[in-house]
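Here is the structure we will look at, set down as structure tokens.
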Amino acid sequence: MSLTNEITEKERAIIKKNYRQLLTSCNPMMEEQDVELIRKALNITVGSEQDLTRNEAGELKVIESLEVALIVVNELGLSRVAVIGALLYDAILEGTIVNEEIEKLFGSQVAIITRGLVKVGELYNKGTSIKNDNFRKLLLTFAEDIRVVLLIIANRLRTMRSLALYNDEDQQRISSEVGYLYAPMAHRLGLYNIKSEMEDLVMKFTNREMYSFIAKKLNETKRARDKYIKEFIQPLEDKLSQLGLQFEIKGRTKTIHSIYNKLKKQNTDFENVYDLFAIRVILESELEKEKAECWQVYSIVTDKYQPNPSRLRDWISVPKSNGYESLHTTVLGPEQKWVEVQIRTNRMNEVAEKGLAAHWKYKGQKGEKGMDEWLANVREILENPELNAVDFIDDFKLDLYDEEVFVFTPKGDLRRLKKGATLLDFAFEIHSEVGRKCVGGRINNKNVSIKYVLKNGDHVDIQTANNQEPKKDWLKVVVTSKAKSKLKQALRDIEFKEAEIGREMLVRRLKNWKFELTDQLLNQLVKKFAYKTVQDFMRAIAIDKIEFARIKDFITQSEKKDEENIEVEKERSAENFIASNDELPDDDVLMIDRSLTHVDYKLAKCCNPIFGDEIFGFVAAMGGIKIHRKSCPNAVDMQTKFGYRIVKADWTSGADTSYQATLKVTGVDDIGIVTNISQVISKEMKVKIRSMSIDSHEGVFEGTLTVFVDNTSSLATLIKKIKNVKGVYTVSRVGA
């Protein structure tokens, strides 16, 4: 490897260290000629032209490539083809080597991977967004070869690990993308460790305050947690050892992201969340004894600790489509705390941690079947030209985070569907025409409607009728992406035919009235009758929702008068917009991009930002800019779907304005507690209350308070004061 003097000594040491680690990691799974090919790929990457190539964070790309390759080997369990692809990625993007040379030097398999990676790189250079059709092409490239997906996931993971080196804007953009797409995709591919790490890192950069809070709490409670795990495990270890089983028992703390989800879902404090960890029993079993020994361990665990039958999950008898196998149960441990226990073998554990690659290693080509079916389904959705970008990504994501249900066809074939799938989903799974004409079915020889929710083990027989047509309310019945995509297409086909009939009727009637159907007239008609699209308007004519007499009356009116009315309406909307901002701070309180002045803005009601919050601006469709907190529940969605409408925003210093904040308070429903809270707010803190609503149920009250505060510091003090009121359980800010 040739390194120029432009590289620092520290960087030189990192390159050498990573290179040695890569060769060591690759050695057990590769032949000598494979290692030579890796050396060759690295020499191409580090060639004299590449020394100074750096990424957006200022890191040498060769270091990035080596670290991605290490993830590919150590955390994904992939071998030569994927490793070489990871090393050559930047070299081929920089034009150091072309794909034809790669095929000649490294073979066709490596060339297929690098070709896919180049396509992905080109699409990202175009500023790919899910509002852009390039995003569809990006995922179609993914769907051509699963290793392209795995390599991009490895690249994104490595980027997230070094995200602190990037600027704040890039941190938000990359975090939003990873949280929205790549973490769910890692989950779908069985890469649970990577998925969990991605989610934690996304939270670290998008919700720093809560991330730090939970991390600090976990650190403070570590000693007590370790003691509890040891006490829980000890009797199980003794019993398993007596039976002569080879095993390892681990206590695993749950991720910060999953704990945060529990806090939100249960609306409770950290101290009240008991299931902060899971116990994992890993057996050293022979393949033919795996199932029996796992159930034997389950019996021992549930003999010692009382199980919750509703929380038993058997993914050993019927594994997930990504190869995941494990037995999960939740038991009541010491101190009456619920503890999750996972039981699996070493083989199952490797599959759980390394996903598809480990599954194929043990199962051979058979293991690819489930993923091939998923990729085929993805391709089917992607190649539907009628599906708009937002509908497409919503349908695509349905197939990422999923639990499964297993049912049988009349011939006894096993089919996997998303948990919660209905009979109608199953009909579309069989064939789109079967779905379109479905009128019901028979489950285990009993008649059921299209809304029937499938259960594991159901035998399903679909009934159809030639005169049946899809209906719009069917969209509320189906839950799988395939069914939604096919159903939307069927409905569009019907609507298109109806719209064509409506157009013919309108043209014929206009001709009788001596009028011509122009684009301008058509747009005016659509506006006048309040339809979203021309097609909707034409359909309304076809199904007699609009009387032709009304259309004629409108056409005979003056177009000028119509345009004047539209202008008046626009002015009225503008006046309403300005009027709605009466209580907002003056223009000098916020700086938008530090260069814009006299910009119409208002504070978003979904998160109610106040002075001191980290904020951003979002250009609204009706004009003006809405200011959101970076921790706003809608932030990720806006960043991902409408990144081009995001504007930097910051507070000016020394603002002297009151901001609206909403608090949720729970506590004992005692006489006087509401009065005590009000006194703390208005008298002790001198804070103005805008509104207060209180509900009580079974001795507990829940209240919503809207107050005006100066900044985040005064809000934090107020929350602390209210928490100190006797009888108050929790105080939390709404819209976090």
Footprinting proxy, 80, 12: sorted fewest to most Cβ within 10 Å, the residues are 12, 80
Pseudo-spin-label distance residue 245 to residue 57, built 7 Å along Cα→Cβ, given in nm, is 4.2 nm
Residues meeting the amide H criterion for residue 725 (H placed from the backbone, H to H distance under 5 Å, 5 or more places apart or on another chain) are none
Karplus couplings for region 714-724 from phi (6.51 cos²θ - 1.76 cosθ + 1.60, θ = phi - 60°), rounded to Hz, Gly and Pro as x?
5, 5, 4, 5, 4, 4, 4, 5, 5, 4, 7
Sequence-distant residues sharing a close amide H with residue 247 (under 5 Å, placed H)
284
What is the spin-label model distance, in nm, from residue 553 to residue 313 if the labels are put 7 Å beyond Cα along the C-beta direction?
6.1 nm
Mind listing which chymotrypsin sites (Phe, Trp or Tyr not before Pro) in region 468-560 are in a DSSP loop and have 16 or fewer other Cβ atoms within 10 Å?
513, 515, 529
At the level of C-alpha centres, the distance separating region 293-325 and region 89-116, in angstrom, is 45 Å
How far apart, in nm, are two points set 7 Å out from the Cα along the Cα-to-Cβ line at residue 94 and at residue 13?
2.3 nm
Calculated diffusion of region 659-733, Stokes-Einstein form, Kirkwood radius summed over Cα pairs, 10 °C and 1.306 mPa s, µm²/s:
131 µm²/s
For a quick check: with amide H placed at 1.01 Å from N, whose amide H comes under 5 Å from residue 602's, ignoring anything fewer than 5 positions away on the same chain?
625, 626, 627
Centroid-to-centroid separation of region 454-517 and region 213-290 [C-alpha atoms, Å]
51 Å
Residue exposure sequence - 443, 494 - by fewest surrounding Cβ within 10 Å
494, 443
Could you work out the equivalent-ellipsoid semi-axes for region 491-557, taking the square root of 5 times each eigenvalue of the Cα gyration tensor, largest first, in whole Å?
19, 13, 10
For residue 534 and residue 465, calculate 0.36 nm times their separation in residues minus their Cα-Cα distance, and state this gained length in nm to one decimal.
21.7 nm
Note down the Stokes-Einstein diffusion coefficient of region 143-300 in µm²/s, whole number, using a Kirkwood radius over alpha carbon pairs, 20 °C, and 1.002 mPa s.
117 µm²/s
Residues 122, 325 arranged by fewest to most Cβ contacts within 10 Å:
122, 325
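None of the figures in this text is laboratory data; all of them are computed from the coordinates on show. Here the structure is a predicted model, which means the values were calculated and not measured. All Cβ positions, even for glycine, are placed from backbone atoms using ideal geometry, and neighbour counts span all protein chains on display.
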